[in-house]
Structure formats: C-alpha cells, structure tokens
Amino acid sequence: APVLESPGEADLTAHVDFAAIAAAARDGGAESFGPVDQGDWLVRLGIQPRAAALKRGATAKQAADIDSALARLIAPDQMGTLFKVLALASPGLGAPAGFESPEQASQ
C-alpha cells in the first residue's frame, strides 16, 4: 500500500512473531524485553497522567476526544491488548521504561 498516498487510510498492521525476533536478537548478542500489551506499556509510561494534564484547560469536546483516544489506546477491548511492544537492547542495560514489572514500576 502506498502509505503516503492516503495517510491514515491504509491498514498496515501485521502479525509479528515476537518469539522469533527475540531469539534472533539473543543470537546476535542483544537482550529482549517483552512482548507486553500496548495498553500496559503505555500505562507504565504514564499515559494516564499525561492525558489528565492535556485535559486541564481543554474544552469539553477536547476532553472527550482525549478520553476517547486514551480508551482506544489502552482499553483491553480496543487496542490495549491487540497490539504488543518488544524492546531490544545491549545486554546489561536493564529493562527499558515501560518494560519493568508492575512491582518495579511502582518503586
């Protein structure tokens, strides 16, 4: 699909074999983290407080749009569990932001 011809109109999603990518990364000397659900990853990165900050001073319509967009990104019945995130890094760097366990993230 020519993605620049009609931006936002082409579905470019694909199913990814994360296990194969992680294995290839390990074979190449990298460390892999995840995959984790997109919703969990975004929550760990702080999307909810960021959305709340955007809503301060927003019109009612803008606030509703922010709520709708947030739900679309993190809700389990929308994109929250459908999409996954994987990180690759040099060994020894530790888990990148958003990939730490929920217990580690709260510390």
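The values are calculated or read from the model by the stated rules, or taken from the named source; none is laboratory data. Here the structure is a predicted model, which means the values were calculated and not measured. We place every Cβ from the backbone using ideal geometry, glycine too, and count neighbours over all the protein chains shown. Accessible surface areas use protein heavy atoms only, side chains included; no ligands, DNA or RNA. Shrake-Rupley method; radii C 1.70, N 1.55, O 1.52, S 1.80 Å.
If you take the residues in the stretch 23-52 that are more than 27 Å from residue 77 (Cβ to Cβ) and in contact (Cβ under 8 Å) with a residue 60 or more places away in the chain, which one is most open to solvent (accessible area, probe 1.4 Å)? Don't jump to the end; show me each part of the working.
Within the stretch 23-52, the first condition is being more than 27 Å from residue 77 (Cβ to Cβ), and the residues that meet it are 23-32.
Now restrict to residues that are in contact (Cβ under 8 Å) with a residue 60 or more places away in the chain: 25, 29-31.
Numbers: 25: 12, 29: 43, 30: 31, 31: 65 Å².
Ranking the qualifying residues of the stretch 23-52, first place goes to 31.
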Exercise for the section: Go through the stretch 76-94 and give me each residue that's within 21 Å of residue 31 (Cα to Cα) and among the aliphatic types (A, V, I, L, M). Expected result: 85, 86, 87, 88, 89, 93
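Residue-by-condition table, conditions (1) touching a helix residue (DSSP H, G or I) at 6+ places or on another chain (Cβ under 6 Å); (2) outside any helix (DSSP H, G or I); (3) modelled with pLDDT of 95 or more:
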position: 49; (1), (2), (3): no, no, yes
position: 53; (1), (2), (3): no, no, yes
position: 57; (1), (2), (3): no, yes, no
position: 63; (1), (2), (3): yes, no, yes
position: 69; (1), (2), (3): no, no, yes
position: 82; (1), (2), (3): no, yes, no
position: 93; (1), (2), (3): no, yes, no
position: 99; (1), (2), (3): no, yes, no
position: 104; (1), (2), (3): no, no, no
